[in-house]
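Notes follow the structure.
The values are calculated or read from the model by the stated rules, or taken from the named source; none is laboratory data. These numbers were taken from a predicted model, which means no experiment stands behind them. FYI the Cβ positions are ideal-geometry reconstructions off the backbone, even for glycines, and counts take in every protein chain you see. Please note that ligands, DNA and RNA were not included when accessible areas were found on the heavy atoms of the full protein model with its side chains. Shrake-Rupley method; radii C 1.70, N 1.55, O 1.52, S 1.80 Å.
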Amino acid sequence: MSATTRSRTPDRLCAEAVDLARAAAEEAAAPGVVGEHAGLVSEGDRVVTHFFECKEMGYRGWRWAVTVARASRAKVVTLDETVLLPGSDALLAPEWVPWSERLRPGDMGPGDLLPTDAEDLRLEPGYSGEDEPAPNAPISEEMAQLAEAEDAEITPQAPAALPLVPSRGSIASVAEELGMRRARVLSRYGLHVAADRWEESYGAKTAMAQAAPATCVSCGFLNPIGGSLGQAFGVCANEFSPADGRVVALSYGCGGHSEAAVMPTPARPAPPVIDETRVDPFPLRPSPDSGSVPVGPDGSASEYGHS
């Protein structure tokens, strides 16, 4: 019989070696945790695995698996291996997740280092100077002429005659001015992700902003930031604000707005007017023609009251 057509019918002697398998499981496990025989499966020619219930706490649904085997034409069954395996309804630990996927904002503490992936989508290459044109390149001559023309009015003599040639027109100086002289800078995706995160935490849709008297765009405690994000965000500098030191959207707001004290107060209804100079007459007896007092035959009204 070839190796690819092995029989799946359990070997009779291996299938009958239940006591041998139980003894091996009890030797590997703690006393009293090996339960009833839970079946067997044929692993190949003269190789059978016996399963026993596991009664150990914390291993619900697990089974002791003991594999026994028999050599060809031998009548003695030998032990192959003993292992604890989970069943179909076993209680398993959650699937392992790499630390880079488990990390959340705020998890870093003092002394922690967070290496950045080389393919991080939030970053893109900055200007390293490798693409700087050679000194004899035509573009360099053009930039030198441009720098000389720009500096003609602020230098005492021609820039070409100065000890150090100005570098205002060089690519490196422009990159330095734009903040690009770094190995990597924020990509457009990184800017969008950060903006969405800040907008969710300190944006117009938060409960604090909904109850605020005004937005941060008119608050004196808002410290503007540069770059494209400065069109929608700033840094709060109010120590009493819940967003102190945080990047906040210009549409955010809180009760610590700088103009909250001078904002017009809502109109109040006028107090009731009490006229204490006017006297209202109050008759001691009802009028005869009011109908509440019977009139006698002589036309006089009966008096009611205390005698």
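Of the residues that make up region 86-100, is at least one open to solvent by 60 Å² or more (accessible area, probe 1.4 Å), under 30 Å from Arg246 (Cα atoms) and among the hydrophobic types (A, V, I, L, M, F, W, C)?
Looking for residues that are open to solvent by 60 Å² or more (accessible area, probe 1.4 Å), under 30 Å from Arg246 (Cα atoms) and among the hydrophobic types (A, V, I, L, M, F, W, C), one finds at least one in region 86-100, hence yes.
How many residues, within region 198-243, are assigned to a helix (DSSP H, G or I), within 22 Å of the chain's Cα centre (by Cα) and touching a residue at least 40 places away in the same chain (Cβ under 8 Å)?
Here is the first cut: in region 198-243, the residues assigned to a helix (DSSP H, G or I) are 198-201, 207-210, 216-218, 228-231.
Retained after the next criterion (residues that are within 22 Å of the chain's Cα centre (by Cα)): 198-201, 207-210, 229.
Next, from what is left, pick out any that are touching a residue at least 40 places away in the same chain (Cβ under 8 Å): 198-199, 201, 208-209.
Looking only at that region, the number is 5.
Taking the condition of being surrounded by 14 or more Cβ atoms within 10 Å (Cβ to Cβ), in a loop (DSSP other than H, G, I, E, B) and under 45 Å from the mean Cα position of the chain (by Cα), how many residues in region 11-59 meet it?
Selection size over region 11-59: 5.
Residue-by-condition table, conditions (1) touching a Lys or Arg at 6+ places or on another chain (Cβ under 9 Å); (2) modelled with pLDDT under 75; (3) open to solvent by 70 Å² or more (accessible area, probe 1.4 Å); (4) within 28 Å of Val185 (Cβ to Cβ):
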{"site": "Ala211", "(1), (2), (3), (4)": "no, no, yes, no"}
{"site": "Ser218", "(1), (2), (3), (4)": "no, no, no, no"}
{"site": "Leu222", "(1), (2), (3), (4)": "no, no, no, yes"}
{"site": "Asn238", "(1), (2), (3), (4)": "no, no, no, no"}
{"site": "Met263", "(1), (2), (3), (4)": "no, yes, no, no"}
{"site": "Asp289", "(1), (2), (3), (4)": "no, yes, yes, no"}
{"site": "Ser292", "(1), (2), (3), (4)": "no, yes, yes, no"}
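Taking Gly256 as the residue in question, decide whether it is out of contact with any strand residue (DSSP E or B) (no Cβ under 7 Å at 6 or more places or on another chain), modelled with pLDDT under 90, open to solvent by less than 60 Å² (accessible area, probe 1.4 Å) and not in a strand (DSSP E or B). Walk me through it before giving the result.
Numbers: out of contact with any strand residue (DSSP E or B) (no Cβ under 7 Å at 6 or more places or on another chain): yes; modelled with pLDDT under 90: yes; open to solvent by less than 60 Å² (accessible area, probe 1.4 Å): yes; not in a strand (DSSP E or B): yes.
Yes; evaluated as a whole, the condition is true for this residue.
Which residue is most open to solvent (accessible area, probe 1.4 Å), if the candidates are limited to region 60-78 and must be farther than 17 Å from Gly39 by Cα, at pLDDT 90 or above and in contact with a Leu (Cβ under 8 Å, 6 or more places away or on another chain)?
Residue satisfying both the conditions and the ranking: Arg70.
Across region 194-240, what is the total count of residues that are closer than 17 Å to Ser258 by Cβ, of a type in the set (Gly, Ala, Ser) and touching a helix residue (DSSP H, G or I) at 6+ places or on another chain (Cβ under 9 Å)?
Qualifying residue count, region 194-240: 2.
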